[in-house]
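A short write-up of the structure that comes next.
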Amino acid sequence: MSKQMLFSPGPVMTRDNVRASLMHYDICHRSKEFEAMYAGLQQKILKIFNADDTYKAVVVSGSGTAANETVLSSIFNDGEKALLIRNGEFGNRLKQILDQYKIPYVDCSFDWGKPVDVDAVEKALAENPDVKVICMVFHETSSGMINPVPEIGRLADKYGKMYSVDCVSAAAGQNIDVAENHITFATSVGGKCVGAYPGSAYVCFKEDVAKTLTPEMGKNVYLNLARHYQKAVECNQTPNTPNVTLFWALDKAMENILTEGLDKQIARYRECAGILRKGMKELGLRMLLPEEQMSNTVTSVFLPEGKDLEAFLAAMESDGYTVYAGKGVFYEQNMFQVANMGEIYPEDCKKFLEVLAKNIK
């Protein structure tokens, strides 16, 4: 098979120097060279989240789900409760983690692809004063919707709650300011908007809160936030053996972003999404969401009536382009998703539209 152009929300197209970083010579993760790289990488993560000096960051070997599991399995004492806000597949993933670890929660659920009702969330908070942490997804990738993170952040501040936000598909693709939005824990992974690889997840968090955590609070050993934090503070290390090579790729990808400017990358993503959406509308395709609810990097689109989704996906792949089928209820509605994360530029989007036009006839 020839090289694929990945118009999918992860894994993503990577830059040449990010791929080249995988060829770093063999190195022990307990070396001073690794520690120096990791110290710098932690600082880069903070910049991606516009964090101030009250925040700290760690890298966890695993997918974005591993980052979320690291947080949610580590921050609750027995009996402490979460408020879960969900309106799609990845809100449901947070639910799955809470259920797996038997963490009680108030379920503030909305239909897939429908906006979060901020008033309903405030009502749930007022009725459940024992909630410790509010949990939600920033960019609900299953629909491409941006959730009201700043508004919920103001509620977290008003009611004195911690705030854990899954930023897996948002970090380096949307403007995120953890301090301004009162976010206590923010998670993401290299193989999304940052333009690195799956397997290098990371967590940005308020350091004063991390100091209250103990390893014993954690319900997991490898994904234990207190252990990760303590090792990072002691010696810029991870508590157990990490994906050493992927740390270098994540570091290089973040260096690329920060050298060129985070705002410039976000602007490129916004421009590419605009080209794709304009072109798909001109082809007569219907979008799932109104423009004001869409992210900068994922567009959910319905195939023309009578067109077979699996045959369409196979035809696109045969022509060198990978797109995603919709998840769950959206798959049944013949929806597919086009992403413009990673090393995708305006000219790539124009070529994509030419191939798309051929395959929706």
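The values are calculated or read from the model by the stated rules, or taken from the named source; none is laboratory data. Every value quoted in this text rests on a predicted model; they were computed, and no experiment measured them. Backbone-built Cβ (ideal geometry, glycine too); neighbour counts: all protein chains shown. SASA here: full protein model, heavy atoms, side chains in, ligands and nucleic acids out. Shrake-Rupley method; radii C 1.70, N 1.55, O 1.52, S 1.80 Å.
What the table below lists for this structure:
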| item | result |
| --- | --- |
| Check on Glu255, under 26 Å from Pro11 (Cβ atoms), in a helix (DSSP H, G or I) and of a type outside the set (Ser, Thr, Tyr) | yes |
| Residue in region 259-281 that is part of a helix (DSSP H, G or I), among the aliphatic types (A, V, I, L, M), exposed (fewer than 13 other Cβ atoms within 10 Å of the Cβ) and out of contact with any Phe, Trp or Tyr (no Cβ under 9 Å at 6 or more places or on another chain) present | yes |
| Per-region count, region 1-30, residues open to solvent by 40 Å² or more (accessible area, probe 1.4 Å), closer than 25 Å to Thr65 by Cβ and over 24 Å from the mean Cα position of the chain (by Cα) | 0 |
| Identity of the residue in region 210-253, in contact with a helix residue (DSSP H, G or I) (Cβ under 7 Å, 6 or more places away or on another chain) and among the hydroxyl-bearing types (Ser, Thr, Tyr), that ends up farthest from Tyr101 (Cα to Cα) | Thr238 |
| Of all residues making up region 2-46, the number that are among the basic types (Lys, Arg) and either in contact with a Ser or Thr (Cβ under 6 Å, 6 or more places away or on another chain) or more than 15 Å from Ala232 (Cα to Cα) (or both) | 3 |
| Boolean, Asn359 is under 23 Å from Ser169 (Cα atoms) and at pLDDT 95 or above | no |
| Residue ID - nearest to Thr187 (Cα to Cα), chosen from residues in region 69-99 that are polar (S, T, N, Q) and open to solvent by less than 10 Å² (accessible area, probe 1.4 Å) | Thr70 |
| Index of the failed condition, Phe352 passing every other in (1) surrounded by fewer than 21 Cβ atoms within 10 Å (Cβ to Cβ); (2) of a type in the set (Phe, Trp, Tyr); (3) farther than 26 Å from Ser63 by Cα | (1) |
| Of all residues making up region 329-349, the number that are open to solvent by 10 Å² or more (accessible area, probe 1.4 Å) and over 19 Å from the mean Cα position of the chain (by Cα) | 9 |
